[in-house]
Amino acid sequence: MFEFSLNLSQEIDKNQIFDLIIVGGGPAGLTAGLYAARYKLNVLMIEKSFISGGQLTGIDTIENYPGFAEPVLGSKLAQNMAEQAKSFGLKSINAFVDSLDLQKDIKEVKVGNDIYKAKTILITTGTSSGKLGIKHEDEYVGKGISYCATCDGPMFPDKKVLVIGGGNNAVKEALFIAKYAKEVIIIHSGEKLNAAVSNIDKLKDEQKIKVLLNSSVKAIDFSDLKNKTFEIENSSNNKVETITADGMFIFVGTTPNTSLVEGQLELEKGYIKTDCSLQTNISGVFAAGDVIVKELRQVATAVGDGALVAYKINKYLSNL
């Protein structure tokens, strides 16, 4: 059986000036830390959780990460990434970052009563999935509840699946899931779907998909994992029906974790804007992974961002 390995914060000399401080310990941050440490940079990663890996730690298995013929546990992949990065010299502490001062030549990261300083900063704080806020939702993430069709859709072959949401993302993901599932029911609280006409047209052509409007999930019962039930309330007539399904995908938006940089970095719809070098509008401040403006958010793309941004940061420091 796989066991978690908790991060143990290292003793750090707070008076030193690091080459790079990474805020956030998901796949992008860990990859950047690995590459930067291999470049012999003095790197500190600050991760709020006791377990590095970001959203990886909440994913049961991953089928589409290159190099694994069989599905890999998200928590195991996260642990491997963390151990590999630390083996090359990445330093890390587990703490909440209270504030950032990014305007100075030497950037400052405030953690409680301590201040850590660095020549460059990398923001890899990721996103938080929009949630329904119903009882037991967090408990069954990866066990029938998912927020990523690309990650988990293929795990529901010939199954009945609910998709919650009515925007472009929900409709596109429902179409993707329908490639595998035998039946998909879109549940949307509004009177009509908010997706683009082109996606609505594709939806009409997909016979596997049914749409329930003016509806929302009020409760779930996973006590029998082979017969999961969902209470669905229709707001137009206040009727409640119970649907049995194999899983539920939730697409009610994501929230970029950018509260630390609001008012300092340029944002677009809450996400951090970067150039082709993944540098922000402030010199010496970079961002990577799900927290930046991009089209596809996957573990593989986060890892790619991490490798690229470490290369660019090393080049930036070499030119100082």
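Within the span defined as the range 188-195, every residue fails to be small (Gly, Ala, Ser), under 20 Å from ILE220 (Cα atoms) and crowded, with 18+ Cβ neighbours inside 10 Å.
Cβ-Cβ distances below 6 Å connect the following pairs, each with a first residue in the range 96-109 that is in contact (Cβ under 8 Å) with a residue 40 or more places away in the chain, a second residue that is β-branched (Val, Ile, Thr) and assigned to a loop (DSSP other than H, G, I, E, B), and a separation of six or more residues or different chains: LEU102/ILE282; VAL109/VAL97. Within the set GLY133, GLY144, the sole residue that is surrounded by fewer than 18 Cβ atoms within 10 Å (Cβ to Cβ), of a type in the set (Gly, Ala, Ser) and over 17 Å from the mean Cα position of the chain (by Cα) turns out to be GLY133.
How many of the residues in the range 184-204 are in a loop (DSSP other than H, G, I, E, B), in contact with a Leu (Cβ under 7 Å, 6 or more places away or on another chain) and not basic (Lys, Arg)? Going through the range 184-204 one residue at a time, the tally reaches 3. The single condition among (1) free of Cβ contacts under 8 Å to residues at least 60 places away in the same chain; (2) under 19 Å from LEU132 (Cβ atoms) that PHE249 does not meet is (1). Only one of the listed residues (GLU231, GLU183, GLU266) is touching a strand residue (DSSP E or B) at 6+ places or on another chain (Cβ under 6 Å), over 16 Å from ALA170 (Cα atoms) and not polar (S, T, N, Q). That residue is GLU231. Scan the range 281-298 and give yes if some residue there is in contact (Cβ under 8 Å) with a residue 60 or more places away in the chain, exposed (fewer than 15 other Cβ atoms within 10 Å of the Cβ) and either of a type in the set (Asp, Glu) or over 24 Å from PHE18 (Cβ atoms) (or both), otherwise no. So far as the range 281-298 goes, no, none of its residues is in contact (Cβ under 8 Å) with a residue 60 or more places away in the chain, exposed (fewer than 15 other Cβ atoms within 10 Å of the Cβ) and either of a type in the set (Asp, Glu) or over 24 Å from PHE18 (Cβ atoms) (or both). Of all residues in the range 299-320, those satisfying the criterion of being under 19 Å from GLY54 (Cα atoms), among the β-branched types (Val, Ile, Thr) and crowded, with 24+ Cβ neighbours inside 10 Å are VAL299, VAL309.
Each reported figure results from applying straightforward, stated rules to the coordinates on display, with no laboratory input. These figures come from a predicted structure and were not determined experimentally. Counting neighbours? That spans all protein chains shown, and the Cβs are built from the backbone with ideal geometry, glycine included.
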